[in-house]
Amino acid sequence: MKVLATYNIKGGVGKTSAAVNVAALAAADGLRTLLWDLDPQGAASFLFRVRPKVRGGGRNLVRGRSDVTDVLRGTDVEGLDLLPADFSYRHMDLALDATGKPTRRLRRVLAPLQEHYDLAVIDCPPSISLVSESVFDAADALLVPLIPSTLTLRTFEQLSEFVDAEVDRRPDIIAFFSMVDRRKRLHREVVETLPDGRTDVVASVIPAATEVELMGVARSPVVVHAPRSRGARAYAGLWAEVRERLGL
Amino acid sequence: MPLDVPVHSYALPDGVDPPALVSFLAERFDIETGPSAPLAFVVVDTADRRVRDAGLDLVLEGTRDTALVLRSQPGAPPVTAPAGRARRWMTADLPAGPLRDHLAPVIEMRALLPLARVRADVRCLNVRNEDAKTVVRLRVATHAALDAEGAPAPLTPRIEVSGVLGYPRPLARVVAALTAEAGLVAAPASMADEAVAASGGDPRGIRSKVDVELSAGMRTDRAALAVLRELAGFAEDNLPGTLADLDTEFLHDLRVAVRRSRSVLREMKGAFAPEPLQSQRDALKWIQAITGDTRDLDVQLLEWDELLAGVPADRHAALLPVRTMLARHRAAALRKLKAELRSRGYRDAWAGYRAFLDGKQGPARERPDARRPIGDVAGERIRTVYRKMVALGSDIDDTSPAEDLHELRKRGKELRYLLEFFGGLWPSSVAKPMVKTLKGLQDVLGTHQDREVQADHLRSLADELAGVVGGPEALLVLGVLVDRLEAEQRAARGHFAERFAAFAAKDQRKLVSATFRGPSG
């Protein structure tokens, strides 16, 4: 099982949108896919109409006191299961801190699911904390949405340096531009200049599109309810690049 | 595999049509109804139904851009791959990817074949909870198997109910409504099995394991004939696939059925009159002989990759002329085999054998064992062959010629078949350990003999190889291959003493004497 985590220190950059759409596309490709909604806000769980509740809460989960297979929920997308959010995840840092080897904990939670899934996608909360360090340890790759701005490169390089310096098992970093508005000159310039031969920024660009924003109304991934839309096609391109990078 | 969710399949009783069932469900649940969709597909499996026996479901969908679609169970995401236009698919014909990865260890050397054409009308329904989330999936379908002219044979209409992970209660409520209220019962067979049966096939696939009900008191001639008729059926079932060269196992299974038949005729010879018996044994011996060359070459080619594993990778290319030569010899042997199997000689020989099995047997005075109970006769034979093997094996030492081991192996096959066909007349606590130690012994004897045959065959290519492009280089590497085969043969011989000791252990000898006594024992 490959583990892909959508991550950015900032919120509102398209992490959840990327996670749910990539997970739905992976399932449509026939991969047995799990989405772990690790964000206590529970946006991914909301999109899949699953109640954000994990019996025993995040604390028991990371301590290995809950059977992770008991808390999984099938989604409306065939082949895609969800490990839902729980409001107790807001204290996940504390729960992890109270365990031995806290940065290895999330990998251990996923271990029993290894044989059941080909891909696990983790939708991370925005922060840099013990939770994110544990995610970095569990992940084979970080999928990092970047909103084009003057600070984008700096923020992204900070993340790369942090991962290089602090994480023993360094995940691959796959960044992509998210919520891109081609009408804005700055967006166009950053998208065209930043990659500059970098291999960690892929070619796919996710547009700031109405249909992507409407996912919360439709309560389903855009690749499911509007598969021919511009946004859905962009996620399909992103997934194709991610899949190749993961070797799936 | 994904985490299991329960799946139930129910047959719609007579008088209940799919729309009525949908209305029944809509009155009780929040149902999201999908459109009714016509589907056409082909059930695909190996001739012996390996895909089905592995709990998988494989179909060919589409007309122009065909795709093979594999499901581990309803509701599981399908794994698909482009199929192209083919009459069969070997593992190597499947595009690299998840479908091939799933199927390769299941089908091994067998071909995937179209077994039944099906037309279906399917309506998907979702049962939703108060958040409008799907909590149970339903699939109501009518199917018809199509014959060669496209005429439909209706199959049982059915409803498949698939749970959604984490939502067991709604599933229980739907199942209760369908069974307790609507009175539906589980579908007796899968749709694919029904379609194969409606298309004239055996849902279990071509069989190779004899399944005849025998009792210890049954007359020996009747018991032997029942087994022989079943084996003759296996040989007949495998003839068309052999002639069409669909895969190597049709010929293999045909040969196994003939070899086993010869064994029964030999071991139960007292149940038959000497004259027709000898002619029929000769006829089967001839069939075994005409099929031998092709099978030997099949084995060489099937084991080619394994054989190469013992040669450094950078020398593999040098062996290409050998591989090409084997394939050419195989094609020539197959042409000859097909001509023989289509000849009047074969037809007459088989018709004569069938008449022997189905006709009246000779006078009782010429068949001393015919009326004796099979338990007595088979018990005697098992004991006698076992004792003979113990005697033969005890004489084998490091200086014995290879023929002695070969002779022992032949006896071992006799014993194995006797135990396979008639061992069920005794408690499994006796036959099982005997089969286990016999199998252990036969494995080393088989390896010993097979490696010798393979090495001899490769050596026999030397003259021909010398005259082809790349031949001299191939000959050098061929020497490495032959050395390796000889080393494996020596290793097998090295294991003989230990395996034979287990087979001929004192406890087992006592058990055989005490169990397989026969009336005089």
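Restricting to Cα atoms and excluding each atom paired with itself, what does the Kirkwood estimate give for the range A:118-211 in Å?
The answer is 14.3 Å.
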So, in Å, what gap is there between the alpha-carbon centers of the range B:346-405 and the range B:287-334?
33 Å
Cα gyration tensor category, rounded, prolate or oblate, for the range B:328-445 with a/c compared to 1.5
oblate
Inter-centroid distance (Cα atoms) of the range B:189-261 relative to the range A:1-79, Å:
51 Å
Selected from B:Leu155, B:Met325, B:Ala504, residue furthest toward positive end of dipole (the protein assembly as shown; charges at beta carbon):
B:Ala504
Pairs of Lys in the range B:321-480 closer than 15 Å at Cα, counting only those 8 or more apart or on different chains
5
With a sphere of radius 13 Å drawn around the Cβ of B:Ala455, what net charge do the other residues whose Cβ falls strictly inside it have (Lys, Arg +1; Asp, Glu -1)?
-4
Please build a GNM for chain A, connecting alpha carbons under 10 Å apart, and tell me which residue among A:Gly74, A:Gly11, A:Gly197 fluctuates the most.
A:Gly197
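Take every residue in peptide B:126-134, count the Cβ atoms of other chains within 10 Å of its Cβ, and give the average of those counts. Intermediate values should be presented prior to the final figure.
Numbers: counts 1, 0, 2, 2, 1, 6, 3, 9, 6.
For peptide B:126-134, the averaged partner shielding equals 3.
Classify the range B:240-314 as rounded, prolate or oblate from the Cα gyration tensor: take a ≥ b ≥ c as the square roots of its eigenvalues, call it rounded if a/c is under 1.5, otherwise prolate when a/b beats b/c and oblate if not. Please list the in-between numbers first.
Working: a/c = 3.71, a/b = 2.49, b/c = 1.49.
It is prolate, given that a/c is not under 1.5 and a/b is the larger ratio.
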Give the lysines whose C-alpha is closer than 18 Å to that of A:Lys53, dropping any in the same chain fewer than 8 places away, or say none.
B:Lys133
Lys/Arg +1, Asp/Glu -1 at C-beta; the protein assembly as shown dipole; positive extreme among B:Gln454, B:Ala232, A:Pro112:
B:Ala232
Dipole magnitude (debye, nearest 20) for the range A:100-248, charges at Cβ of Lys, Arg, Asp, Glu:
460 debye
Quick query: amide H of A:Asn8 versus all other amide H atoms, modeled in the peptide plane; which residues come in under 5 Å with a sequence gap of 5 or more or a different chain?
A:Ser127
When the Karplus curve 6.51 cos²θ - 1.76 cosθ + 1.60 is applied with θ = phi - 60°, which whole-Hz ³J(HN,Hα) does each residue of the range B:198-215 get, with x for Gly and Pro?
5, 8, x, x, 9, x, 7, x, 5, 9, 10, 9, 5, 9, 10, 7, 10, 10
From phi via Karplus (6.51, -1.76, 1.60), per-residue ³J(HN,Hα) for the range A:128-136 in Hz, x at Gly/Pro
10, 7, 4, 4, 5, 4, 5, 5, 4
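Using only the Cα atoms of the protein assembly as shown, build the gyration tensor, take square roots of its eigenvalues as a ≥ b ≥ c, and label the shape rounded, prolate or oblate: rounded if a/c is under 1.5, else prolate if a/b is larger than b/c, else oblate. Don't skip to the answer; put the middle values down first.
Values: a/c = 2.23, a/b = 1.76, b/c = 1.26.
Judged from the Cα gyration tensor, the protein assembly as shown comes out prolate (a/c at least 1.5, a/b above b/c).
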How well do other chains shield peptide A:74-83, expressed as the mean number of their Cβ atoms within 10 Å of each residue Cβ?
6
List every residue whose amide H lies under 5 Å from the amide H of A:Ala120, counting only residues 5 or more places away in sequence or on a different chain, with H placed 1.01 Å from N in the peptide plane.
A:Lys2, A:Val3, A:Leu4, A:Leu34
Whole-Hz ³J(HN,Hα) from phi, Karplus 6.51 cos²θ - 1.76 cosθ + 1.60, for the range A:232-248, glycine and proline x
5, 5, 5, 5, 4, x, 4, 4, 4, 5, 5, 4, 5, 5, 7, x, 9
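About the Cα centre of the range A:1-86, how large is the charge dipole given +1 on each Lys and Arg Cβ and -1 on each Asp and Glu Cβ? Please answer in debye to the nearest 20. Write out the running numbers ahead of the final one.
On the way: 12 positive and 9 negative charges, 72 e Å.
The calculated dipole for the range A:1-86 is roughly 340 debye.
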Convex hull per residue volume in Å³, alpha carbons only, for chain A:
110 Å³
Charge-dipole axis of chain B as Lys and Arg at +1 and Asp and Glu at -1 on Cβ define it, positive-most pick from B:Gln288, B:Ile382, B:Val468:
B:Ile382
If you put +1 on each Lys and Arg Cβ and -1 on each Asp and Glu Cβ, how big is the dipole of the range B:348-491 around its Cα centre, in Debye rounded to 20?
1200 debye
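Bear in mind that the values in this text are calculations on the coordinates, not laboratory data. Here the structure is a predicted model, which means the values were calculated and not measured. All Cβ positions, glycine included, derive from the backbone under ideal geometry; neighbour counts span all protein chains shown.
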